[in-house]
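Asker: The structure follows.
The values are calculated or read from the model by the stated rules, or taken from the named source; none is laboratory data. Note that the structure is predicted; figures quoted are calculated from it, not measured. Here the Cβ positions follow ideal geometry from the backbone for every residue, glycine too, while neighbour counts run over all protein chains shown. Side chains are part of the model used for accessible areas, which takes the heavy atoms of the whole protein and leaves out ligands, DNA and RNA. Shrake-Rupley method; radii C 1.70, N 1.55, O 1.52, S 1.80 Å.
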Amino acid sequence: MSGYGDVKRKKFMNLLKGLISTGEVAIEPGARHTKIEHIRSGDVYPVPTGHRVINKHIVKAFQKWLASKGVCTKEEFDKRL
């Protein structure tokens, strides 16, 4: 995937469930935002999952955050998405 497009919420939530299985992140659902917490550092990244479609810029920023924390590489993220 060369560039990111808008992603439907269901597909994005499936991606998050797959990330939980790595044991590196924990997810705390909320009304408008889902908070993804990096287990080792304790950093939290809020993702607005209250919408039916997640914006491509949010998806790209989330991918960069995951890569900076060492959870998954860009290629692994693309494969899961």
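Asker: Residue pairs, Cβ under 8 Å, 6 or more apart or interchain, first in the stretch 3-20 and touching a residue at least 12 places away in the same chain (Cβ under 8 Å), second open to solvent by 80 Å² or more (accessible area, probe 1.4 Å) and assigned to a loop (DSSP other than H, G, I, E, B). List them.
Answerer: K8/R52; R9/H51; R9/R52
Asker: Within the stretch 30-70, track down each residue that is of a type in the set (A, V, I, L, M), surrounded by 12 or more Cβ atoms within 10 Å (Cβ to Cβ), in contact (Cβ under 8 Å) with a residue 12 or more places away in the chain and within 22 Å of K8 (Cβ to Cβ).
Answerer: Across the stretch 30-70, the qualifying residues are I36, V47, V53, I54, V59, L66.
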